[in-house]
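Structure record follows, encoded as structure tokens.
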Amino acid sequence: MYCLFLIKISLLGNCSMSSGKSHVGRKDDPVMQYLLSHSLREHPALTRLRQKTMEHELNMIMVACEQSQLMANLARLIKVKKAIEIGVYTGYNALSIALTLPEDGKLIACDVSEEYIDIGRPFWRLVRCEPTLFTSLFTLISALTVQDALLLRFLFSVLWSGRVVNPEEGDIDSISIDKLNKKLHRDVRIQLSMLTVGDGLTLAFKI
């Protein structure tokens, strides 16, 4: 069984103090600060990778740390051994998931940018859990062919900074995500929950 993590990257929207795109939290939000200070548990390698990522000009597209931790905990709960992540950026979430896998576990990470991936490589090597990485569209399509064997799917950024509520004409990203959300809601073959954590997270699975 595989667990699939789909990341839709955004260059817009608010960032939580946890570093990463968030729909509900801002760095000056005392409730968000309380949540993070009383729940976030970062591996030292994740902390260093986050700090390095925040030096990058596109740091706002990093996954919210509290969102990544939730997915990692769910992966632990269902004892995931194999995972696929599509959309890696510097690999914060990839590393978070890799740290939950058993010794014989496997993480396949797919992205189109070697530049961003290279930022994360040194931190993956620190904990000896570097994933199998691919940067070709062909490999991405091949990875999706295992979708029928997937136990659980995580979809990131499904709220898209709130733009999915009333997408403007010509806003392809917002329109596409809105269509995907509606399609998932209509799909009677799956069970799903859409959460406001980070910039929106959908959990979908078949019984």
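The values are calculated or read from the model by the stated rules, or taken from the named source; none is laboratory data. On a predicted model such as this, the values are computed, not experimentally measured, just so you know. Cβ sites come from the backbone with ideal geometry, for glycine too, and all protein chains shown count toward neighbours.
Results, tabulated for the structure shown:
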read-out: Close pairs from segment 55-76: first within 19 Å of VAL158 (Cβ to Cβ), partner among the aromatic types (Phe, Trp, Tyr) and at pLDDT 90 or above, Cβ under 8 Å, at least 6 apart; value: ILE61/TYR89; MET62/TYR89; MET62/TYR92; VAL63/TYR89; VAL63/TYR92; CYS65/TYR92; SER68/TYR92
read-out: Qualifying residue in segment 49-59 (condition: in contact with a strand residue (DSSP E or B) (Cβ under 7 Å, 6 or more places away or on another chain) and assigned to a loop (DSSP other than H, G, I, E, B)); value: no
read-out: Residue that is farthest from PRO44 (Cα to Cα), among those in segment 69-123 that are of a type in the set (Lys, Arg) and in a strand (DSSP E or B); value: LYS82
read-out: Scope segment 46-79; condition of a type in the set (Asp, Glu) and surrounded by 13 or more Cβ atoms within 10 Å (Cβ to Cβ); matching residues; value: GLU66
read-out: Single residue of ILE97, ILE78 found to be farther than 23 Å from ARG189 by Cα and at pLDDT 85 or above; value: ILE97
read-out: Residue list for segment 74-109, restricted to those being among the hydroxyl-bearing types (Ser, Thr, Tyr) and within 27 Å of GLU57 (Cβ to Cβ); value: TYR89, THR90, TYR92, SER96
